[in-house]
Amino acid sequence: MYLIPKPQQWAKKDGIFILEYDRRIVIHPSCGTEVFRYAKMLKDDLVRYAGYGLDITRGSSKKTAVKLAVSHELPEESYRLNVSGQGIELTGGSDTGVLYGIQTLRQMIRQEGACIPCLSIFDYPDTAVRGLHYDVTRGRVPTMEYLKRLVDQMALYKMNQLQLYIEHSFLFEDCSEVWRDDTPLTAEELLELDTYCRERKIDLVPSLACFGHLYKTLRTKTYRHLCEFPDMAEQPFGFVDRMEHHTLDVSNEESLRFAKKRIEEYMPLFSSKYFNICADETFDLGKGRSRELAEQKGVKQLYLDFLRQLCDFVKEKGKIPMFWGDVIWSFPEIAAELPRGTVCLNWGYERDQTDDTVRRLAEAGAVQYCCPGVSGWDQLVNRLDVAYENIRLMCSYAAKYRAAGVLNTDWGDCGHINHPEFSTAGIIYGAAFTWNQEVPSFEEINRQISVLEYQDASGQLVGIIAEISKHWIYKWRDLVNYMEHRDTAFKPPERFAKLQEETEALEAIKRKLYRILPCLGTETRAQIKPYLMAIEGMELVQEAGAVFSERWMEEKAVSGEERIEEKAVFVGKRPEEETVSGEKQTEKKTVSGEKRTEERADRLAARLEEWFYQYKKIWRSVSRESELYRVQDVIFWCDDYLRRGLLPK
C-alpha cells in the first residue's frame, strides 16, 4: 500500500480492520461543523471503492467504525491515525488536521477497499505552504468542472494553496475590447471557486499581471497609450512576442491608476490574505516611453518605485503582497524596502537548478517561496524527468533556506498545448516533496503515483509516460519560432538524423499504453487517449520539421549550384555544352526529388488536419474555447506551408 505524501511516522501492524456495511463514522463534539463535510468525502470514497458507505453521526455510537476527533495538544496541521482490530481512530490538531488524516484514509480505501491494514501514523507537513500556480491566460481557460477536479486532486495530496494566473482572461468591467474574443472567467465563477477551495482548506490566492505581461490589454486601442512601446500594437500576434513585451509605461501617471483599478476590482472576489501582483519580466522597462526617466533615475529605481507603490496599495487594502522575484535577483537588497511581509516568488525551472538566487534572497532577509515547475510549457507531453529533478531541488532549497513555502508552477507558453491532466505527476511530486523532505527515487514515486492515482495494478504507467518527451526532436516551440520567422534555418541538418529511430520509439510507447489499459482502473482508462493523441501530434510535428529542413537544404543546394555554374563559365574551365548537360541531369534529379517531397508533404498536411480534429475534442473536454484558435492558426499555417512548398521569408 502506498501513501502520498509519505507520512512522517508510519508503523505497520499485523491484521486488518473491516469497515462493515452497517457501522458508522462518528464525529466527536471536539470537531468543528466542517468536519461533517470531510466525513462525507470518506463516505463517498467508500461507496466508490467498496460499494457501500457508512452512516455519519455526531457524539457517540455503539456501532463506531471510524472516530474523528480534535486535540489541541497536537500541532494544528498534524494528525494521529490508529487502525486496530477494534476500529479506526483519527485525531487532528485542528479540523484541518482531521481533513489531512481523512485524505490518508481515502488513499487507503482506494487501494484496500473496506479492509484497512492495521497501523499507526503520526503525520505533519515539513513545509507550511504547499501550492500550485496554474496559468489560465496564455492559451487555456479551464472549465469550472475541471478546476474543481484539480482542487479535489490537490486536497487529496494535502496541498493548501492555489493561484490562477490572469493577464486578460477575466471579465473586467470597462475592458470589453480586451476579452471580446475570449471565454474569460467571471466574478461569480471565482467566488464559487473560492468557496470550493476554502471548504477543502486550500487558499485561492489572486494572481494578476499588474506591470509586465499585459500583451493583449496594451494592444487594444483603449489602453495602448499606456504601453512602453505602443507601436508594437500594430505588429501581428506572436506567441513569443507576447512573453517578451508589453510593459506598462511607468512615466505615465495613468498606468498606476490603471493597475490599482484592476486590483481593486479583482481583490474582493477572494478570501485569501494574499494578493500576487506578479510584476515579472518587465523587459521593456526604460527602453521606450520611460527612457528619459530611466536615464535620470535608472531602470532599477523605476522598477522599485512602481513595485513599491503597487505593494503599498495592496497592503493598504489589508492584504499581503506577492510578486515574482526574477527582476530583483540582481539587487535582492530592495526586498527590505518593500512592505513588511511581502512575499517574493523565486522561480527556477532547470533540471540542475542551483540555489544561488534562493541563498541571496535569504541573505537579504526576503520572505520567499521557492517556485519550481511541472515542465509542460511548449510540450505536448510534460517532461517528467526534468520536473522531478527541478521540484526535488527547489523543495530542498526551501528547506535549507527556510523559505515560507513552495509554489509549483504550470505555465501555458505558446498556447498551453499540453492536456492539463498531463501535469498530474508533476503536481503530485510537489505535494509529496513539500510535505515530507524524504524524497523517493524517480522510479519509486512514479510507481506510487501509477498505483494510487491511476489504479494501475502494474505500477508502470507513469514510468511509460515519462519516456514520451525524450523522443521529440522538432518541437512545438520550434514550429512557432519558424512561423514567427525567428528560426528560418535548420542548422544543423543532423538534427533529423534519428527521426526514424525516435518515431519508432514513440510508436513503441503507444503500444505499451494500449497494452497497459487492462491494468488500469476503469475510471482512469479514459486518460490514455489524450496521451495517444499527443504522441501522434509529436510524430507529425517533427515530420513536418523534417520536410521543412529538406526544403531548406534543397534551396541551399540549388543556390550553391548556381554559384558553381557562374564560376565555371566565368573561368572557362568546362565547355558550355557540358555545363548544360550537367544542368539537365541535376534538374531532372531535383524535380524528381521535389515531387516526392511534395507528395509526402501533402499527405502529412492531411494527417495533421485529421489529428487536429481529435485534438480539439480533447481540448474542449476540459477547457473553454479560449485560445484554441491560436493553436489552430499554427497547425493550419504548417499545413499551408506543407502544401504550397513555401518557406517563410
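The values are calculated or read from the model by the stated rules, or taken from the named source; none is laboratory data. Keep in mind it's a predicted model, so treat the numbers as computed, not measured. Quick reminder, even Gly has a Cβ in these numbers, built from the backbone with ideal geometry, and neighbours come from all protein chains shown. Ligands, DNA and RNA are stripped out before the accessible areas are found, and what is left, the full protein with its side chains, is counted by its heavy atoms. Shrake-Rupley method; radii C 1.70, N 1.55, O 1.52, S 1.80 Å.
Can you find even one residue in region 474-488 that is closer than 19 Å to ARG383 by Cα, surrounded by fewer than 17 Cβ atoms within 10 Å (Cβ to Cβ) and either touching a Phe, Trp or Tyr at 6+ places or on another chain (Cβ under 8 Å) or of a type in the set (Gly, Ala, Ser) (or both)? Among the residues of region 474-488, not one is closer than 19 Å to ARG383 by Cα, surrounded by fewer than 17 Cβ atoms within 10 Å (Cβ to Cβ) and either touching a Phe, Trp or Tyr at 6+ places or on another chain (Cβ under 8 Å) or of a type in the set (Gly, Ala, Ser) (or both), which makes the answer no. Out of region 369-404, which residues are β-branched (Val, Ile, Thr) and over 30 Å from VAL634 (Cα atoms)? Within region 369-404, just ILE391 meets the criteria. Give the residues of region 123-138 that are open to solvent by 10 Å² or more (accessible area, probe 1.4 Å) and not in a strand (DSSP E or B), sorted by residue number. Across region 123-138, the qualifying residues are TYR124, PRO125, ASP126, THR127, ALA128, ARG138. Can you tell me how many residues within region 34-63 are surrounded by fewer than 18 Cβ atoms within 10 Å (Cβ to Cβ), in contact with a strand residue (DSSP E or B) (Cβ under 9 Å, 6 or more places away or on another chain) and hydroxyl-bearing (Ser, Thr, Tyr)? Qualifying residue count for the region: 3. Just one of the listed residues (THR342, THR409) is touching a His at 6+ places or on another chain (Cβ under 9 Å), within 17 Å of GLN161 (Cα to Cα) and among the hydroxyl-bearing types (Ser, Thr, Tyr), namely THR409.
Among the residues of region 375-413, the one identified as part of a loop (DSSP other than H, G, I, E, B), of a type in the set (Phe, Trp, Tyr) and surrounded by 23 or more Cβ atoms within 10 Å (Cβ to Cβ) is TRP377. Is it the case, given these coordinates, that SER251 is open to solvent by 40 Å² or more (accessible area, probe 1.4 Å), under 30 Å from LEU42 (Cα atoms) and either in a loop (DSSP other than H, G, I, E, B) or at pLDDT below 95 (or both)? No, not satisfied. Do we have any residue at all in region 604-614 that's among the acidic types (Asp, Glu), part of a loop (DSSP other than H, G, I, E, B) and either at pLDDT 95 or above or open to solvent by 10 Å² or more (accessible area, probe 1.4 Å) (or both)? Among the residues of region 604-614, not one is among the acidic types (Asp, Glu), part of a loop (DSSP other than H, G, I, E, B) and either at pLDDT 95 or above or open to solvent by 10 Å² or more (accessible area, probe 1.4 Å) (or both), which makes the answer no.
Residue-by-condition table, conditions (1) out of contact with any Lys or Arg (no Cβ under 7 Å at 6 or more places or on another chain); (2) over 29 Å from GLY212 (Cα atoms):
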site: SER84; (1), (2): yes, yes
site: THR91; (1), (2): no, yes
site: ASP95; (1), (2): yes, yes
site: ILE116; (1), (2): yes, yes
site: THR137; (1), (2): yes, no
site: LEU164; (1), (2): yes, no
site: HIS168; (1), (2): no, no
site: LEU185; (1), (2): yes, no
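Would you tally the residues in region 9-31 being of a type outside the set (A, V, I, L, M, F, W, C) and surrounded by 15 or more Cβ atoms within 10 Å (Cβ to Cβ)? Within region 9-31, residues that are of a type outside the set (A, V, I, L, M, F, W, C) and surrounded by 15 or more Cβ atoms within 10 Å (Cβ to Cβ) number 4.
Among the residues making up region 390-413, those that are in contact (Cβ under 8 Å) with a residue 60 or more places away in the chain, over 19 Å from SER626 (Cα atoms) and within 15 Å of the chain's Cα centre (by Cα) are VAL406, LEU407, ASN408, THR409.
Can TYR157 be described as open to solvent by less than 10 Å² (accessible area, probe 1.4 Å), hydroxyl-bearing (Ser, Thr, Tyr) and closer than 24 Å to ALA403 by Cβ? Yes, satisfied. For region 216-237, give me each residue that is touching a Lys or Arg at 6+ places or on another chain (Cβ under 6 Å) and surrounded by fewer than 24 Cβ atoms within 10 Å (Cβ to Cβ). Passing the criteria: PRO230, ALA233.
Under the condition of being among the acidic types (Asp, Glu), modelled with pLDDT of 95 or more and open to solvent by 20 Å² or more (accessible area, probe 1.4 Å), the residues counted in region 174-215 number 6. Of all the numbered requirements in (1) of a type in the set (S, T, N, Q); (2) at pLDDT 95 or above; (3) open to solvent by 40 Å² or more (accessible area, probe 1.4 Å), SER330 misses one, and that requirement is (2). The set of residues in region 414-442 being under 11 Å from the mean Cα position of the chain (by Cα) and either of a type in the set (S, T, N, Q) or not in a helix (DSSP H, G or I) (or both) consists of HIS416, ILE417, ASN418, HIS419, SER423, THR424. Considering region 463-489, and only residues there that are assigned to a helix (DSSP H, G or I) and among the aliphatic types (A, V, I, L, M), the residue that is modelled with the lowest pLDDT turns out to be MET483. The single condition among (1) touching a residue at least 12 places away in the same chain (Cβ under 8 Å); (2) in contact with a Gly (Cβ under 7 Å, 6 or more places away or on another chain) that VAL47 does not satisfy is (1). Taken together, SER169, SER120 contain a single residue that is open to solvent by 10 Å² or more (accessible area, probe 1.4 Å) and out of contact with any Gly (no Cβ under 6 Å at 6 or more places or on another chain), which is SER120.
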